[in-house]
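Data block below; observations after.
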Amino acid sequence: MRRKETHFLAVHFFSYVDGSLRCEGVELNKIADEFGTPAYVYSAGTIRENYRRLDQALAPLDHLVCYAVKANSNIAVLNLLAKIGSGFDIVSGGELFRVLKAGGRADRCTFAGVGKTREEIAYALREGVYSFNVESEGELERINDVAGELGLKAPVAIRVNPDVDAKTHKFISTGKSKNKFGIGIDRALEVYKVAAALPHLKIRGVQTHIGSQILESGPFAEAASKLASLVTELKACYDIEFFDFGGGIGIVYDEALSSGSPDWWSHGDQARRMTPEDYAAAIIPALKPLGLRILFEPGRFLVGNAGALLSTVQYVKQTPAKTFTIVDAAMNDLIRPALYEGWHEIVPLQQTKEQSITMDVVGPVCESGDFFAQDRGIPPLAPGERVAILSSGAYGFVMSSNYNSRPLLPEILVDGDKVHLARSRQTMDDLIRGELLP
């Protein structure tokens, strides 16, 4: 069977073959037949390839890639990454629990987040977490207290906020002085002195993270350059082991940026976006001379383009102002369009040559914000036809909810021609599990 690639998809292992959209070697219509819709489908091959290419680009550095679990925390995905050598960036005790259940190791986990509880800190210490990324002086004191109670030394790295504009959405910018994260670069040395005076802490490193979905290398280069002298001074004072440079590498979501080339890293001269090699070239000159292990925390970059949300058209509603195509997926399943104004390419599972028409693609939830596309040119769709909402492997299922009492979706991992049910669809009984009548 001849493989017929299309070039508008922003995902390497999703393609049309003989008119049918596939994930790797499996027709998505067959997955929808077996598991129903809506449903999430992930490509194992895409995740592996993303990891391989980033890891290879960073090879000049002594480095460890620590996948940001919050992007997609299904244990099948975590297990896949653990098997290929990834560490993990966690932000809760629950995420640590998932990593351990998936076969990952606590001593390859960095624990971030501004609001760690005493219980979470104790759990991570007992399991042997590699380092806590500390966000405030109050947190330093709490970690010191908990470690003392357990008779342990807690490994810490202070998150330094370099006040760099990542040029991303305001809700996912984390590296400016007005954001809630980290310690300002102007106070970092002072706070490290506080940490050094606490008896149950071991200063292990320095951490930073400037934001998410960053599509240019400039902000990363600026952050690396801005922090290099501070890291050098801290290394001399405290013999630190690592510099954790965070994550934030963006992905291509929209059709306009993904046309022209079968290589999903290069999308034409006018719409080219940062490659892993671009990213590495921008930061290695500042990071390599530090002589430290460099940690990286990619999330969306590894899994975002590896996922698709399958959905079935329920109705097509014509009004004097618009065409509404109503599907069975909803904002409770994928909230990015409503929350971040996130753009996701929407394509039919069966390829068509029909001319696009302008429509809104919306879900059944009782909110005007329940949409996946507005005023978008999409081939006409009829009730019963199926679509894929692409690039939904990150911040998709993990941010879903039971709003409107809608069961959580199944997650399916495709690896070549193998199909693995990674999560079962919730039942109606699951919806009320744990609830009690008076």
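Since every read-out is calculated from the coordinates, none of them should be taken as a lab result. Small disclaimer: the values here were computed from a predicted structure and weren't measured. Neighbour counts run over all protein chains shown; Cβ positions are idealised from the backbone, glycine included.
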In what sequence do Asp333, Asp107 fall when counting other Cβ within 10 Å, fewest first? Asp107, Asp333
With angles folded into 0 to 90 degrees, how steeply does helix 276-287 sit against the dominant principal axis of the chain? Use alpha carbons for both and round to 10. 10 degrees
Determine, from the Cβ-Cβ distance of Ala59 and Leu437 and an R0 of 51 Å, the FRET efficiency 1/(1 + (r/R0)^6), rounded to the nearest 0.05. 0.30
Give me D for the chain in µm² s⁻¹, whole number, from Stokes-Einstein with Rh from the Kirkwood sum over alpha-carbon pairs, 25 °C and 0.890 mPa s. 107 µm²/s
Given Lys83/Lys116; Lys153/Lys226; Lys101/Lys202; Lys193/Lys235; Lys70/Lys235, which pairs have Cα atoms separated by over 19 Å? Lys83/Lys116; Lys153/Lys226; Lys101/Lys202; Lys70/Lys235
Can you give the helix-only mean residue ellipticity at 222 nm for the chain, where every DSSP H stretch with n ≥ 4 adds -39500 (n - 2.57) and the sum goes over all residues, rounded to the nearest 500 deg cm²/dmol? -8000 deg cm²/dmol
How big is the charge dipole of the chain about its Cα centre, in debye rounded to the nearest 20, if each Lys and Arg gets +1 on its Cβ and each Asp and Glu gets -1 on its Cβ? 420 debye
Could you list Lys353, Lys235 in order of exposure, starting from the residue whose Cβ has the fewest other Cβ atoms within 10 Å? Lys353, Lys235
Compute the Rg to Rh ratio over segment 1-160 from the alpha carbon atoms, using the Kirkwood formula for Rh, and round to two decimal places. 1.10
What does the charge count near Gln426 come to, summing +1 for each Lys or Arg and -1 for each Asp or Glu among other residues with Cβ under 11 Å from its Cβ? +2
For the chain, with the dipole built from +1 on Lys and Arg beta-carbon atoms and -1 on Asp and Glu ones, taken about the Cα centre, which of Asn144, Ile75, Ala188 lies farthest toward the positive end? Asn144
How far is helix 218-238 tilted off the main Cα axis of the chain, in degrees rounded to 10, range 0 to 90? 30 degrees
Search the structure for amide H atoms under 5 Å from the amide H of Ser131, placed 1.01 Å from N in the peptide plane, and list their residues when 5 or more places away or on another chain. Cys109, Phe111
Using alpha-carbon coordinates, inclination of helix 188-197 to the longest axis of the chain, degrees: 60 degrees
